[in-house]
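Throughout, read-outs are computed from the coordinates displayed, never taken from laboratory work. Remember, predicted model here, so these are calculated numbers, not experimental data. Here the Cβ positions follow ideal geometry from the backbone for every residue, glycine too, while neighbour counts run over all protein chains shown.
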Amino acid sequence: MRALFLRSLAVLVAVLIASRFALLEFAESGDWLSLIVFAVGVALINGVIGPVLKVISFPVTLLTLGLWILVLNGLLFWLGTVLLPGVELAESDRPTLLTAMLVALIISVVSFAVNRVVKEDEDKT
């Protein structure tokens, strides 16, 4: 349960950061409940579907020297924007998958930072 909370918190912070870079748009401005539901949904998608797809696509990951993971994370985030209300990818001259990959990269960096902080807190106790 704690892992889901931390993943959701990381996704929520990353979505707010990505919206600052004009990569995302909120469907209803100021609706925090839909943003929280979106963050929990994306965290569940990344936590349940993500590992299965990463195992299945391991040979492709080896062939691309790990770059396939960026595409896969972008696809998982795009799936979250399609299935869950509250957040949409911003309309721009970039392809939709590229925008989703950029947001997924931001989510990965924020999740890494949150996991490092939590790991350090657990080590101190």
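Of the GluC sites (Glu not before Pro) found in region 21-100, the ones in coil according to DSSP and having at most 14 other Cβ atoms within 10 Å of their Cβ are 28, 91. If R0 is 22 Å, what FRET efficiency do you get for residue 61 and residue 97 from their C-beta distance, rounded to 0.05? Here the calculated transfer efficiency is 0.80. Full extension of the segment from residue 22 to residue 3, taken as 0.36 nm per residue of separation minus the current Cα-Cα distance, would add 4.0 nm. Label-to-label distance, residue 33 versus residue 119, with points set 7 angstrom from Cα along the beta-carbon direction: 3.7 nm. Within the chain, the whole DSSP H helices whose Cα atoms reach 24 Å or more along their own axis and whose mean Kyte-Doolittle score is at least 0.5 are 2-20, 32-56, 96-124. For region 2-116, the pair-distance distribution built from all alpha carbon pairs, in bins 10 Å wide starting at 0, is 15, 49, 31, 6, 0 percent.
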